[in-house]
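The values are calculated or read from the model by the stated rules, or taken from the named source; none is laboratory data. Please read all numbers here as calculations on a predicted model, not as lab measurements. Note that each Cβ is placed from the backbone with ideal geometry, even for glycine, and that neighbours are counted across all protein chains shown.
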Amino acid sequence: MDLTSSAATVLVFDPRPSSREYLADNLAADGFTPLEAATECGAWQLLGHKAVDLAVIDIGQRDGLALVRQVRQASRHGTRIDADMPLVALSPRATEVERLRAFEQGCDDLLNHPYSYAELRARITAILRRVRSQRAVSRMRVGPLEVDALASQAWLDGRPLQLTAKQFSLLAVLASEPSRCFSRAYLLEAVWGYDSKDPTRTVDAHASRLRRKLAFPGQRFVISVWGIGYRLVSPVALQQLEAPAVPELRLITGSGAETEETEERRAA
């Protein structure tokens with residue numbers, strides 16, 4: 001997705017209608033797609049159902065910093081919300097301590113208001129440009145499968161995949177090094193964040209569901225490696241791995257063609 005102003009969706013959180021509408025109207029006039037939220041609950045619902053590229057949050061209002069914390073902890077709750085989404089905070093003449101607290105909570109930038117809309121727009125554009133560059137690097141392709149780690153989205157032959165948070169995390173780890181065999185213990189720690197010494201079917205169950213969602217006519221992606229774990233392989237690479245070995249033949253001059261096995265038997 002090209003994160004220019006003509007494509008970027010920006011969430012505006014501010015309980016005050018006049019301030020919220022002012023910012024949303026200016027963003028729309030500049031080609032952004034604004035989404036308005038007056039409450040923390042309303043903002044959370046929009047984030048969960050819309051593909052938001054950046055959020056502008058008034059932390060001087062009630063629930064502002066709470067929303068910032070919720071977004072940054074989204075991955076823990078198993079939601080589809082991008083926990084790394086850029087967050088720009090607005091605050092009424094924040095002190096140095098308040099500014100530091102905002103950054104510690106997870107804000108990427110902060111402006112005091114009354115603010116200059118031109119400056120806010122420039123900051124939004126700069127952040128989106130940086131995200132676009134990072135996203136280009138974060139995209140991984142394995143045959144017709146495409147995975148965007150930053151956007152937490154995946155496509156198969158151009159079709160968006162509906163994956164749970166854990167299924168996507170598992171896919172992202174596997175896609176980071178195609179053909180590498182990841183052990184169950186490694187995946188358990190990387191995706192679920194804990195090291196279990198006891199036998200568990202957690203990884204196997206999620207890998208099985210992921211394999212079904214990646215079902216593609218005549219092709220497989222998630223491959224089980226007996227006794228070790230799983231790996232992600234492109235259909236072409238898988239065909240090469242599964243192709244039967246063809247005996248090498250050597251042409252012997254004279255009476256005709258003989259296999260190397262026959263020649264070695266004679267030499268013995």
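Brief remarks on what is shown
- Single match in GLU98, GLU189 (criterion: out of contact with any Leu (no Cβ under 8 Å at 6 or more places or on another chain), part of a helix (DSSP H, G or I) and surrounded by 14 or more Cβ atoms within 10 Å (Cβ to Cβ)): GLU98
- Unmet criterion (only one of (1) surrounded by 19 or more Cβ atoms within 10 Å (Cβ to Cβ); (2) not in a helix (DSSP H, G or I)) for ARG180: (1)
- Filter result for the condition that a residue is out of contact with any Pro (no Cβ under 6 Å at 6 or more places or on another chain), surrounded by 14 or more Cβ atoms within 10 Å (Cβ to Cβ) and farther than 23 Å from ASP84 by Cβ, over THR200, THR164: THR200
- Pairs meeting the criteria (first residue in the stretch 51-63 and under 13 Å from GLU98 (Cβ atoms), second residue β-branched (Val, Ile, Thr) and modelled with pLDDT of 90 or more, beta carbons under 7 Å, at least 6 apart or on different chains) are ILE59/VAL68.
- When ALA89 is tested against (1) assigned by TED's automatic domain parsing to the domain that holds GLY64; (2) closer than 24 Å to GLY48 by Cα; (3) part of a loop (DSSP other than H, G, I, E, B); (4) hydrophobic (A, V, I, L, M, F, W, C), only condition (3) is not met.
- Total residues in the stretch 132-161, condition without any contact (Cβ under 8 Å) to a residue 24 or more places away in the chain, β-branched (Val, Ile, Thr) and crowded, with 17+ Cβ neighbours inside 10 Å: 0
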